[in-house]
1. Summarise the accessible area of region 135-217 (1.4 Å probe, protein heavy atoms) by the percent that is carbon and sulfur.
2. Can you give the accessible area per residue of the chain, in Å², using a 1.4 Å probe?
3. Charges at C-beta only: +1 for Lys and Arg, -1 for Asp and Glu. How large is the resulting dipole of the chain about its Cα centre, in Debye rounded to 20?
4. Mind jotting down a quarter of the surface of the convex hull over the alpha carbons of the chain, in square nanometres, one decimal?
5. What translational diffusion coefficient, in µm²/s and rounded to a whole number, does the Stokes-Einstein relation yield for region 149-275 at 37 °C and a viscosity of 0.692 mPa s, taking the hydrodynamic radius as the Kirkwood radius over Cα pairs?
6. Would you mind putting 54-64, 265-275 in packing order, based on average other-beta-carbon counts within 10 Å, highest first?
7. Of all the accessible heavy-atom surface of region 7-81, with the other protein chains kept in place and a 1.4 Å probe, what percent is carbon and sulfur?
8. Jot down the radius of gyration and Dmax of region 142-210, Cα atoms only, both in angstrom.
Amino acid sequence: MQIHTTIPSLRAARAQAGRVALVPTMGNLHDGHITLMREAARHADTVVASIFVNRLQFGPSEDFAKYPRTLEADSARLEAAGVTHLFAPTEAAMYPQPQRYHVDPAPEHVSILEGALRPGHFRGVATVVLKLFNIVAPDVALFGKKDYQQFIVLQNMAQDLALPIELIAHDTVRAADGLAFSSRNGYLSATERLEAPRLYQQLSAIANAIRKGARHYAELEAAAIAELTRHGWQPDYLTVRRRADLQIAEKTDEALVVLAAARLGNTRLIDNLEI
Ligand code: PAF
C-alpha cells in the first residue's frame, strides 16, 4: 500500500488510478470502516482511504486532542483489506494556514439534532470533505449510515455544488450484541461496554412498534428516553424523523429513521435505525 502524506504525492498516484472510490475516515479503524473499504472496491478500480483527524469539526470542549491516532495499526488493517492507497496528510499539508474559506451547510440541515448540539461541527465536516474531494478527485465516495445527518449534509452539498461524485451511504456495521462500531467505543469501560447495546435495543423497539403500525411517536420516544435514563444514560435526543431531511414526520407514509445520541459515563454515542 502506498501512503501519501502530501497533496502532490496523492495527486501523482491519482493520475494513474482509473476509477477511484474514496473512503474518508479519521482513523482508529474498526470493522465498520473495513466493510466500507471492501464495498468501495466493488465500485472502482482503486480504493483510496483517507485518515485525517480534522480539527475543524471538533468543538472547543470536544475530544480532538485525545482522539485516538493509530496510524500504524490502521495501515496494517487497510493493507490486509486490499486498499492500495492511503492518504494520511499531515496537519500542515491540509491546513498550511488556518482555513479561511468554509462550506456552510443549509441551516435546516444543521440547526437540528447533532448540528444543534455541536455548533460548527457540520461546517467543519463539509469543509474537509470538499477539500478531500478536491484533492483526491474520486468518482465515488462512501460513508457509513451511523453518521446519518452527516450523510444528509454531504449529499446535499454534493447536489447543491454540482460535484461530479456519487455518494454512497453504507449500512451501519454492528457488533454481535447490536452496538454500532464506532471509534469512540474504545472510550467505554468494561461495564459501560456491556450496557452500551441498550441504545440500539431502544431504537429497535421503536422501529418494530412503528413497523407494526404504532403512530404515537412522542410516547415511544419518551418511553425509550426514560428507559435509557433509568440505566444511567444521559440522552441528548431520541427522535423519529423523515429520512429525506430529518425533519419531524407529518405523513404516515413517509420513510422514517429513528435517531439517538446519548452519553454513557464520559462517552457520547450516536446511533440510528431506518424504519
Ligand atoms: O465520519 C468521519 O469519520 C468524519 O466526519 C469524516 C467524514 C472523515 C470527515 O472528517
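The values are calculated or read from the model by the stated rules, or taken from the named source; none is laboratory data. Note that this is a predicted model, so its numbers are computed, not measured. Note that each Cβ is placed from the backbone with ideal geometry, even for glycine, and that neighbours are counted across all protein chains shown. When the accessible area is computed, the model is the full protein with side chains, heavy atoms only, and any ligands, DNA or RNA have been set aside. Shrake-Rupley method; radii C 1.70, N 1.55, O 1.52, S 1.80 Å.
1. Ligands and nucleic acids excluded, carbon and sulfur reach 51 percent.
2. 47 Å²
3. 240 debye
4. Values: hull surface 58.5 nm².
Averaged projected hull area, Cα only: 14.6 nm².
5. Working: Rh = 15.7 Å.
Estimated diffusion coefficient is 209 µm²/s.
6. Top to bottom by mean Cβ count within 10 Å: 265-275, 54-64.
7. Result for region 7-81: 52 percent of the exposed heavy-atom area is carbon or sulfur.
8. Values for region 142-210 (Cα only, Rg and Dmax): 15.4, 47 Å.
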